[in-house]
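Every number here is computed from the coordinates shown, using simple stated rules; none is lab data. What you see is a predicted model; the values in this text were computed from it and never measured. Here the Cβ positions follow ideal geometry from the backbone for every residue, glycine too, while neighbour counts run over all protein chains shown.
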Amino acid sequence: MQNNETIEKDYQDPLGQPADEGDEDTPLTPEEEAVKTKSAAKELFEWVELFAYSVAIVIVLFTFLCRIAVVSGPSMEKTLYNGEVLLVSDLFYEPKQGDIIVFQSNTILDNEAIVKRVIATEGQVVDIDFENWIVYVDGEALEEPYITSDPGRYMNGSDYSFPMTVEEGKIFVMGDNRNHSTDSRDNRIGQVDTRFVLGRVLLRVMPFGQFGTVD
């Protein structure tokens, strides 16, 4: 007769592995714990290193390639508004007509950065029709859809006589909000020496809802 003795076999899963192998609850050996700790420390170091490199790149970028400027006052409305934050760069930059720039003046605002639009560069002739709000450069009227005017009023006058030729190494600038701007019409600023130009406005970075290029 066949005896009724039970034959016990180790249970195996479908992959053929014993049930007790790979148990997640099995405590790590000291050696395994050390390897795990070392791996976590290495990963943390790599993140710190990446952050340090990122900060260094940002510092270099803002030191040598671009800088931040903040709009102060209403002189560039309706293109730019008070408190907006701008990204400015002077890398390989030479002012051109129509550019919005940031510059410093040692005759007004205690060297605070000033934002204006370039109207003319050296050698060009500027003339202004204050009654009709028209600016001429080299005899041609500028198309300026960006300006803010006061209907029924003259454009604010100037300390200078026109037509005016822009001197070598200088630019003539104006604010878009023509009757609320201190610019090259005023002898406290006058024609701006290009050595004091900090750069061209590349982007509006704040408020975030208005992020983008500026024309």
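Structure data summary
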| item | result |
| --- | --- |
| Length released on extending from Asp193 to Val85, taking residue separation times 0.36 nm less the Cα-Cα span | 36.5 nm |
| Amide H contacts of Gly199 (H built 1.01 Å from N, under 5 Å, at least 5 apart or other chain) | Val102 |
| Residue exposure sequence - Val70, Val137 - by fewest surrounding Cβ within 10 Å | Val70, Val137 |
| Virtual spin-label span in nm between Tyr146 and Ser158, 7 Å along Cα→Cβ | 1.9 |
| Net charge of Cβ neighbours under 15 Å - reference Asp176; Lys, Arg +1; Asp, Glu -1 | -2 |
| Highest-first arrangement of 37-45, 90-98, where packing means the average Cβ count within 10 Å | 90-98, 37-45 |
| Relative packing of 121-129, 171-179, which averages over residues the other C-beta atoms within 10 Å, highest first | 171-179, 121-129 |
| Rough spin-label spacing in nm, given labels placed 7 Å along Cα→Cβ, for Val48 and Thr26 | 3.4 |
